[in-house]
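Asker: First the structure, which I've put down as structure tokens, then a few questions once you've had a look.
Nothing in this text is a laboratory measurement; each read-out follows from the coordinates by a stated rule. This is a predicted model, so every value here is computed, not measured. Here the Cβ positions follow ideal geometry from the backbone for every residue, glycine too, while neighbour counts run over all protein chains shown.
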Amino acid sequence: MPRWVAIRILSTIPTLVGVAILVFLLVRFIPGTVVEQILGAQFDISQGQIDALRAYFGLDQPLYRQFWTWASGILQGDFGTSWRLGVSVRSLIWSRLPVTLELAFLSLIVAL
């Protein structure tokens with residue numbers, strides 16, 4: 001039994017890595033650039049300002065370096081800053097966690 005549990009735990013590692021790569025790439029391959037997604041309809045800014053935003057968010061780095069920075073931050077508990085809201089993603093998660101746990105608990109009760 002302990003061997004089976006160890007195999008199951010170890011088999012989740014490639015799955016988690018694959019999902020992390022997929023999520024990272026899907027966000028990067030949305031139509032338009034990430035900076036355009038952040039700015040929305042504000043296209044009256046200069047190319048220098050766009051380049052400054054790309055540098056601020058690290059989008060001027062090669063794709064493998066962006067992934068490494070993102071993945072290492074996730075492993076350290078640093079989820080970064082929300083591109084849309086400009087606040088820490090961790091604070092957003094913590095603010096919604098009580099409601100999420102309440103819904104999970106109530107759905108568990110209903111399922112029983």
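Asker: Looking at (1) over 21 Å from residue 20 (Cβ atoms); (2) surrounded by 13 or more Cβ atoms within 10 Å (Cβ to Cβ); (3) not aliphatic (A, V, I, L, M), which is the only condition residue 95 fails?
Answerer: (2)
Asker: Report, by residue number, each residue of region 1-48 that is surrounded by 13 or more Cβ atoms within 10 Å (Cβ to Cβ) and either touching a Pro at 6+ places or on another chain (Cβ under 9 Å) or part of a helix (DSSP H, G or I) (or both).
Answerer: Within region 1-48, 20, 24, 28, 34, 35, 36, 37, 38, 39 qualify.
Asker: Can you name the residue in region 1-23 that is over 18 Å from the mean Cα position of the chain (by Cα) and hydroxyl-bearing (Ser, Thr, Tyr) and, of all such residues, is farthest from residue 66 (Cα to Cα)?
Answerer: 11
Asker: I would also like to ask the following. So which of 78, 51 is more than 25 Å from residue 13 (Cβ to Cβ), of a type outside the set (S, T, N, Q) and without any contact (Cβ under 8 Å) to a residue 24 or more places away in the chain?
Answerer: Working: 78 fails: more than 25 Å from residue 13 (Cβ to Cβ).
Just one listed residue meets the conditions, 51.
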